[in-house]
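The values are calculated or read from the model by the stated rules, or taken from the named source; none is laboratory data. Predicted model, so just to flag it, every value in this text is computed and none were measured. FYI the Cβ positions are ideal-geometry reconstructions off the backbone, even for glycines, and counts take in every protein chain you see. Protein only, heavy atoms only, side chains kept; ligands, DNA and RNA dropped before computing areas. Shrake-Rupley method; radii C 1.70, N 1.55, O 1.52, S 1.80 Å.
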Amino acid sequence: MRQLCSDPVARFMAVLAVLLLLPTAPRAQGKPAPKTVPEELGLFPTPPKREPRHFNPDWLAPATAFNKHRTPVQRAQTAIDCIVYEVRYPSEGKGSRLGTRHHRTLAWMLQYVGAEENARALDLATLRRAVATLPAGEARDVVLILCGLAGADEMRGPLSAYLTDLSRPGLLRGHAAEALGRLQSPQSIDLLLKVALEDPAWEGTSGYEPTTRDYVKKASYPVRYYALQALRAYERDNLLPERVTARLGEIRPSGPRPAEE
């Protein structure tokens, strides 16, 4: 023992051996795994904190590209839950000519989940049941539009009424026009032409004039734009009368602001 205490090398080795035998603290783990989309968004007791962005990432859930393992019923129910959730807890943001960021978020979802490939992967019966059971209001209206984008022919009447109601947000009315174009009912052609030519809903944009490179203020008319695209879909399938085809060139989805016209 005296030799161990007097020999510095032996003393160092003894201390090192003790340190090696002590329990080590657990190593710091890497970044936590990303949170998964809840199966039922309606179970949130309070709205979770969101980053300031234009869309809720949870809305990717109904898309086939992100959830190939889910059934059409699950995709449709998730889409419905997300719509109800956004209406109940609107996204924050400054207002705009066509509504708050809340409406932009709803329109983004209709654009993404309502795309033809994704809409075909939704269970239509689930969407129809939601339209029939949801209370009157914005959530029901948006599900109605999604139902039309998914191919529910019987929604043509309610979609036409929504499209012509100028009190509704222009961004959402534009997707109602898109749904009517996808349903391809000849009875909707005259309505779509009228909307494409005359709808007053606009949103201010700015940019450079391509020819003069002058900075100009313009207005985009999203309802007219979607109505024009719907009419083009009829034209591709040879469902458009010649009298309507001849007027497509008159449609102006963008132009001067209304105050400057």
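Each Lys and Arg contributes +1 and each Asp and Glu -1, all at the Cβ; summed about the Cα centre of segment 100-249, the dipole is approximately 220 debye.
About its Cα centre, segment 124-185 has a charge dipole of approximately 80 debye under the convention of +1 per Lys or Arg Cβ and -1 per Asp or Glu Cβ, with nothing else charged. Spatial offset of segment 181-204 relative to segment 152-166 amounts to 11 Å, using the alpha carbon center of each.
Heavy-atom accessible surface of segment 122-212, averaged per residue, reaches 41 Å², computed with a 1.4 Å probe. Once backbone amide H atoms are built at 1.01 Å from N, S254 has Y221 as its partners under 5 Å, excluding neighbours fewer than 5 places away on the same chain.
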